[in-house]
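Student: My questions all concern the structure below.
The values are calculated or read from the model by the stated rules, or taken from the named source; none is laboratory data. Fair warning: this is a prediction, and the values are worked out from it, not measured in the lab. Note that we place each Cβ from the backbone using ideal geometry, even for glycine, and neighbour counts take in every protein chain shown. Accessible surface areas use protein heavy atoms only, side chains included; no ligands, DNA or RNA. Shrake-Rupley method; radii C 1.70, N 1.55, O 1.52, S 1.80 Å.
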Amino acid sequence: MRHFTSVTQLGSLDEAFAKARYVKENPFADQELGKNKTLLMLFFNSSLRTRLSTQKAAMNLGMNVIVLDVNQGAWKLETERGVIMDGDKPEHLLEAIPVMGCYCDIIGVRSFARFENREDDYNEKILNQFIQYSGKPVFSMEAATRHPLQTFADMITIEEYRKKERPKVVMTWAPHPKALPQAVPNSFAEGMNIMDCEFVITHPHGYELDPAFTGNARIEYDQDKAFEGADFIYAKNWAAYTGENYGKVISTDRSWTVDSRKMALTDNAYFMHCLPVRRNMIVTDEVIESPQSIVIPEAANRVVSAQTVLKEILLGL
Ligand code: AN0
Ligand code: CP
């Protein structure tokens, strides 16, 4: 594996899960693999889990790690070609990327959708420039359209907790005061389309996602109906995708908050969320604190997903 930007690049899922299991059971077995190799983690946006779990994964593999928060201490970067740079940005991404590539062996990039231009976001304009100009393997730590390390961790978690051959997995939109990217739901939908499960997405009208990601999912606008018989409830907010509303919050309807009444409609489903989560907006205290909530083991699997992917990239160097 050279670059990793989508769970569709995992290949055989049976093999990917077996590799993940090996990494989870033998976290320090490959300390020599990453020796004298440097990972650069570059953040254009905030992070808690991705930063810590990916750094831990790299350390487990014996790597050295450099972390750069672009917005704290680095030069502000111009990203548009052709701009007369007489404003507040002293450096262009087109120099910064190959320079950063000189200082490391692998680059992880977090660069969220900006919601300025849907085409730029959905063409992964920033991430693809890293792939094109860094000269190094690049992996996504949540880009404009996907969050594959999160999704791979979610898939590992579902594989670990499922009680049925083909579980019913329901991804539900839930309210949030600020506009959030579609990367997590897009990526999760992509993952569920390649996993053996019954996949249902529920959201209010106007929150339709790009069909390129939702694939064969059943879309159900009645949240109660969607929850019936579910084995996993995956909650997430996202901003609108379609038309003029791209990047906008068009509803904060708290009747969509995941609560105990709705969880009672399921087949004793597990509750999942990628975190960070706003309590009593996305999910009630009661549900997230219930024994069915697996948000912490889900977050713990972020080390496993990152280490499995980093190991594959290291093997391909
Ligand atoms: C981000 C998002 O929804 O994409 C990161 C989640 C992993 N969430 C926030 O910005 C709160
Ligand atoms: N789930 C996740 O990616 O969390 P962070 O934004 O804290 O990295």
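Student: Could you tell me which residue of the stretch 26-36 is nearest to ligand 1 (Cβ to nearest atom), considering only residues that are at negative phi and either within 22 Å of the chain's Cα centre (by Cα) or surrounded by fewer than 19 Cβ atoms within 10 Å (Cβ to Cβ) (or both)?
Tutor: Applying the filter and picking the extreme gives Pro27.
Student: Would you tally the residues in the stretch 71-98 being at pLDDT 95 or above, of a type in the set (Val, Ile, Thr) and either out of contact with any strand residue (DSSP E or B) (no Cβ under 9 Å at 6 or more places or on another chain) or surrounded by 14 or more Cβ atoms within 10 Å (Cβ to Cβ) (or both)?
Tutor: 2
Student: State all residues of the stretch 89-119 that are in contact (Cβ under 8 Å) with a residue 24 or more places away in the chain and among the polar types (S, T, N, Q); if no residue qualifies, say none.
Tutor: Ser111, the sole residue that qualifies.
Student: Residues in the stretch 1-16: is at least one within 16 Å of ligand 1 (Cβ to nearest atom), in contact with a Pro (Cβ under 6 Å, 6 or more places away or on another chain) and in a helix (DSSP H, G or I)? If you could, list the steps in order and put the result at the bottom.
Tutor: Keep residues of the stretch 1-16 that are within 16 Å of ligand 1 (Cβ to nearest atom), which gives 5-7.
Narrowing the set further to residues that are in contact with a Pro (Cβ under 6 Å, 6 or more places away or on another chain) leaves 6-7.
Now drop any that are not in a helix (DSSP H, G or I), which leaves 7.
Looking through the stretch 1-16, at least one residue is within 16 Å of ligand 1 (Cβ to nearest atom), in contact with a Pro (Cβ under 6 Å, 6 or more places away or on another chain) and in a helix (DSSP H, G or I).
Student: Something else about it: How many residues are open to solvent by 20 Å² or more (accessible area, probe 1.4 Å) and in a helix (DSSP H, G or I) when one looks only at the stretch 127-139?
Tutor: 5
Student: From the list Glu142, Glu165, Glu159, which residue is assigned to a loop (DSSP other than H, G, I, E, B), within 30 Å of Gln223 (Cα to Cα) and within 18 Å of the chain's Cα centre (by Cα)?
Tutor: Numbers: Glu165 fails: within 18 Å of the chain's Cα centre (by Cα); Glu159 fails: assigned to a loop (DSSP other than H, G, I, E, B).
Just a single option satisfies the conditions, and that option is Glu142.
Student: Given the criterion among the β-branched types (Val, Ile, Thr) and within 16 Å of ligand 1 (Cβ to nearest atom), identify the matching residue among Thr151, Thr79. Break it down stepwise before answering.
Tutor: Details: Thr79 fails: within 16 Å of ligand 1 (Cβ to nearest atom).
Step by step, each of Thr151, Thr79 is checked, and only Thr151 is among the β-branched types (Val, Ile, Thr) and within 16 Å of ligand 1 (Cβ to nearest atom).
Student: Here are Ala299, Ala306: which of them is hydrophobic (A, V, I, L, M, F, W, C), crowded, with 22+ Cβ neighbours inside 10 Å and closer than 29 Å to Phe139 by Cβ?
Tutor: Among Ala299, Ala306, only Ala306 is hydrophobic (A, V, I, L, M, F, W, C), crowded, with 22+ Cβ neighbours inside 10 Å and closer than 29 Å to Phe139 by Cβ.
Student: In the stretch 168-193, how many are within 13 Å of the chain's Cα centre (by Cα), among the polar types (S, T, N, Q) and open to solvent by 10 Å² or more (accessible area, probe 1.4 Å)?
Tutor: Selection size over the stretch 168-193: 0.
Student: Just checking, how many residues over the stretch 116-152 are in contact with a helix residue (DSSP H, G or I) (Cβ under 7 Å, 6 or more places away or on another chain) and under 29 Å from Lys248 (Cβ atoms)?
Tutor: 14
Student: Related question: Do we find a residue being open to solvent by less than 60 Å² (accessible area, probe 1.4 Å), closer than 24 Å to Glu198 by Cβ, in the same structural domain as Val184 (by TED's automatic domain parsing) and more than 16 Å from ligand 1 (Cβ to nearest atom) anywhere in the stretch 275-291?
Tutor: Yes, that holds for at least one residue.
Student: Output the number of the condition that Asn268 fails; it satisfies all remaining conditions of (1) more than 16 Å from ligand 1 (Cβ to nearest atom); (2) under 20 Å from the mean Cα position of the chain (by Cα); (3) at positive phi.
Tutor: Among (1) more than 16 Å from ligand 1 (Cβ to nearest atom); (2) under 20 Å from the mean Cα position of the chain (by Cα); (3) at positive phi, the lone unmet condition for Asn268 is (2).
Student: If only one of Leu61, Leu77 is away from ligand 2 (no atom under 16 Å from the Cβ) and within 23 Å of the chain's Cα centre (by Cα), which one is it? Step through it out loud before you land on a result.
Tutor: Working: Leu77 fails: within 23 Å of the chain's Cα centre (by Cα).
From the options Leu61, Leu77, the qualifying one is Leu61.
Student: So, one more: From the list Lys56, Lys35, pick out the single residue that is of a type in the set (Lys, Arg), within 16 Å of ligand 2 (Cβ to nearest atom) and in contact (Cβ under 8 Å) with a residue 24 or more places away in the chain.
Tutor: None of the other options fit; the residue is Lys56.
Student: How many of the residues making up the stretch 99-125 are within 24 Å of Ser53 (Cβ to Cβ) and either open to solvent by 20 Å² or more (accessible area, probe 1.4 Å) or among the acidic types (Asp, Glu) (or both)? Step through it out loud before you land on a result.
Tutor: Of the residues in the stretch 99-125, the ones within 24 Å of Ser53 (Cβ to Cβ) are 100-101, 103-113, 124.
After this cut, where a residue has to be either open to solvent by 20 Å² or more (accessible area, probe 1.4 Å) or among the acidic types (Asp, Glu) (or both) as well, the list is 100, 103, 105, 112, 124.
So the answer is 5.
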